[in-house]
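Peer 1: Before I ask anything, here is the structure I am working with.
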Amino acid sequence: MLSWLTALTMRGVHAESILSKSYFRNEKKLKNNEKDDHRKLSLLGGWDETNCELKKVENHLVEPIHVVSYPGSGGRFLLTSIEALTGIKVIGDGHLNAVSDPPPKPFNYLAYFSQEMAYGNYFSKVVILMRTPLKVIPSFCDILYQKTSNETESDNYAQCPEDVWLKFRDERFEDELRRWKYTLEYWLDRYDPAHRLMISYERLTDDYVGPLETLRLARFLNTTYSVETHAPEDVACVWTKISTNNDLRETRPHGDETARFTISQLNRMTEVLDELVVKYLDMDFVDLFYDYEKFIDRLRIKMIGEELSLAEKYLPQFITRMIEDNE
């Protein structure tokens with residue numbers, strides 16, 4: 001059986017261009033059920049998803065990397081992927097008494113996960129997890145709502161009610177958008193390209209490109225001393241087992257599809273993304289910003305269309321009332 005990477009190469013897709021924004025966007029979308037999920041995976045060459053065993057997670061003396069993100073970006077999925085690929089434990093800020101404390105030694109863990117701009121270049125390498133502000137800001141609101149409400153453990157990442165979301169959006173949107181941008185810039189500017197990896201949550205969890213994004217992660221982890229991940233031909237199988245884990249899937253931060261932004265807020269997101277495009281124009285991850293902009297553009301057009309439809313519906317009534325009032 002051909003490996004999924006070999007199969008794609010035979011289809012004329014160069015390995016370095018597999019993650020380009022244009023290739024998979026033009027692929028026909030399949031229906032969302034188990035049969036079609038299997039067909040989607042088989043597009044990558046086909047494999048037996050029981051053909052690999054996830055590595056047993058243990059402590060191991062190693063030089064760790066820093067994993068960072070804006071809150072609500074989907075860190076648990078990424079950290080689970082790292083542990084499954086390497087078999088080495090990851091830890092986070094929850095293991096410390098305060099953010100100001102240095103990460104503990106000896107380094108018997110591979111990844112240290114943090115959502116704070118702290119520790120600078122304390123680690124030699126960094127993995128930056130990014131998610132579109134269109135989804136991650138509502139997701140952060142969900143997390144705060146759970147922490148401040150009486151939601152139980154089983155209601156992990158419960159969506160905040162609409163009134164809570166609208167209050168959060170109107171009061172904190174600008175601050176959180178700036179914080180999202182600053183988080184990216186802070187870490188991108190502190191590590192050179194050889195010592196950093198940008199991972200997209202959208203791509204990592206996507207049925208088409210998820211295995212390929214996981215392969216990029218595995219290759220980066222393999223550059224760390226004494227770390228050995230699954231073989232490239234097994235990475236897709238590892239991703240399949242992680243992505244079909246119901247417990248993990250239930251706790252993915254979702255960012256409510258119905259979470260509403262104003263058109264002016266969508267415009268601000270585009271402005272911020274444009275600034276990032278200009279600053280990192282030569283970087284290989286800049287196409288992610290373009291993808292986010294196009295999704296925001298589609299949503300903006302939809303909202304404008306809805307407003308025009310409402311205007312068309314009620315304008316005649318409004319004009320009639322104006323005439324009657326003036327008679």
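The values are calculated or read from the model by the stated rules, or taken from the named source; none is laboratory data. Keep in mind that what you see is a predicted model, and the values were worked out from it rather than measured. Heads up, the Cβs are rebuilt from the backbone with ideal geometry, glycines too, and the neighbour counts pull from every protein chain shown.
Peer 1: For region 252-281: of the residues being modelled with pLDDT of 90 or more and not in a helix (DSSP H, G or I), which is farthest from the chain's Cα centre (by Cα)?
Peer 2: Pass one, region 252-281, residues modelled with pLDDT of 90 or more: 261-281.
Those left that are additionally not in a helix (DSSP H, G or I): 261-262, 280-281.
Working: Phe261: 19, Thr262: 23, Tyr280: 19, Leu281: 20 Å.
If we take residues in region 252-281 being modelled with pLDDT of 90 or more and not in a helix (DSSP H, G or I), then Thr262 is farthest from the chain's Cα centre (by Cα).
Peer 1: Right, another one. Against the condition modelled with pLDDT under 90 and either buried (at least 18 other Cβ atoms within 10 Å of the Cβ) or not small (Gly, Ala, Ser) (or both), how does Glu162 come out, does it pass? If you could, list the steps in order and put the result at the bottom.
Peer 2: Working: modelled with pLDDT under 90: yes; either buried (at least 18 other Cβ atoms within 10 Å of the Cβ) or not small (Gly, Ala, Ser) (or both): yes.
Yes.
Peer 1: Give me the residue from region 289-313 that is modelled with pLDDT of 75 or more and of a type in the set (Lys, Arg) and, out of that set, surrounded by the most Cβ atoms within 10 Å (Cβ to Cβ).
Peer 2: Arg300
Conditions (1) of a type outside the set (Val, Ile, Thr); (2) in the same structural domain as Leu281 (by TED's automatic domain parsing); (3) surrounded by 16 or more Cβ atoms within 10 Å (Cβ to Cβ); (4) at pLDDT 90 or above, marked per residue:
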{"position": "Pro103", "(1), (2), (3), (4)": "yes, no, yes, no"}
{"position": "Ile143", "(1), (2), (3), (4)": "no, no, yes, no"}
{"position": "Ala158", "(1), (2), (3), (4)": "yes, no, no, no"}
{"position": "Glu185", "(1), (2), (3), (4)": "yes, no, no, yes"}
{"position": "Arg196", "(1), (2), (3), (4)": "yes, no, yes, yes"}
{"position": "Tyr201", "(1), (2), (3), (4)": "yes, no, yes, yes"}
{"position": "Asp206", "(1), (2), (3), (4)": "yes, no, yes, yes"}
{"position": "Leu215", "(1), (2), (3), (4)": "yes, no, yes, yes"}
{"position": "Arg219", "(1), (2), (3), (4)": "yes, no, no, yes"}
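Peer 1: Somewhere in region 116-125, is a residue touching a Ser or Thr at 6+ places or on another chain (Cβ under 6 Å), modelled with pLDDT of 70 or more, in a loop (DSSP other than H, G, I, E, B) and on the phi < 0 side of the Ramachandran plot?
Peer 2: Step one: of region 116-125, the residues touching a Ser or Thr at 6+ places or on another chain (Cβ under 6 Å) are none.
Checking region 116-125: not a single residue is touching a Ser or Thr at 6+ places or on another chain (Cβ under 6 Å), modelled with pLDDT of 70 or more, in a loop (DSSP other than H, G, I, E, B) and on the phi < 0 side of the Ramachandran plot.
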